[in-house]
Amino acid sequence: MANLNDQKILELKKQIEEKKKLIGKSKKFSPITNCSIELDGVRQNIQTLGKEQLVLMLIKLNAYAASAKELGLLDVYNVSGYNVIEWIEDLKAKLDFINRKDEENKLKAMEAKLDKLLSDEKKVELEIDEIEAALK
C-alpha cells in the first residue's frame with residue numbers, strides 16, 4: 001500500500017514540477033512609470049497595492065482611457081506625468097506578477113505536503129539517489 005501511495009505522490013510531484021516550469025520564474029516587475037499615481041485626489045504607490053486595489057484601479061483607468069479615446073484625447077491624456085496607457089500596462093504587469101507569485105506559492109505548499117506524505121523508505125531511497133547522482 002505504501003508503495004502505491006509513494007508512486008502516486010511522485011507522479012503528483014512531477015505534475016507540480018511541470019506547472020512550475022509553465023509559470024516560469026516570476027519575471028521581475030519592471031514598471032514603465034514611477035509607480036506613484038494620483039487618482040481622484042489620492043496618491044498611491046502601485047508597488048504596495050493588493051490584488052483588489054490593482055483591479056479596481058485598472059478598471060477605473062480603463063474606463064477613463066475608453067472615454068478619452070472616444071473624445072480623441074487618448075494621446076494627450078496623462079495621469080501623474082505618464083500616459084494613461086502606460087499606467088494600464090504597469091497595473092496589468094503588476095497584477096500578472098502577483099498572480100504568478102500566488103500560483104508559485106500554492107504549488108510550493110502542495111509540494112511540501114506531498115513530501116511529508118512520502119514513506120520513510122521512499123525518502124531514504126530518494127536521498128541515496130540524490131547522493132549517488134552528485135558523486136557521478
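This table checks each residue for (1) at pLDDT 90 or above; (2) within 30 Å of Ser119 (Cβ to Cβ); (3) not in a loop (DSSP other than H, G, I, E, B).
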site	(1), (2), (3)
Leu4	no, yes, yes
Gln7	no, yes, yes
Lys20	no, yes, yes
Lys25	no, no, no
Phe29	no, no, no
Ile32	yes, no, no
Gln53	yes, no, yes
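What residue, among those in region 87-111 that are open to solvent by less than 70 Å² (accessible area, probe 1.4 Å) and among the charged types (D, E, K, R), is farthest from Glu17 (Cα to Cα)?
Here the residue is Asp90.
Would you point out the residue of region 53-86, among those that are loosely packed, with under 12 Cβ neighbours inside 10 Å and of a type in the set (Asp, Glu), that is nearest to Ile32 (Cα to Cα)?
Taking the candidates together, the pick is Asp75.
Collect the residues in region 1-52 that are surrounded by 10 or more Cβ atoms within 10 Å (Cβ to Cβ) and β-branched (Val, Ile, Thr), keeping them in residue-number order.
Correct list: Ile9, Ile16, Ile23, Ile32, Thr33, Ile37, Ile46.
Given the residues Ala93, Ala68, which is the only one that is over 30 Å from Asn5 (Cα atoms), part of a helix (DSSP H, G or I), touching a residue at least 12 places away in the same chain (Cβ under 8 Å) and more than 26 Å from the chain's Cα centre (by Cα)?
Unique residue meeting the criteria: Ala68.
The values are calculated or read from the model by the stated rules, or taken from the named source; none is laboratory data. Model, not experiment: these values are computed from the prediction. Virtual Cβ from ideal backbone geometry, glycine too; neighbours counted across all protein chains shown. Heavy atoms of the whole protein, side chains included, go into the accessibility calculation; ligands, DNA and RNA do not. Shrake-Rupley method; radii C 1.70, N 1.55, O 1.52, S 1.80 Å.
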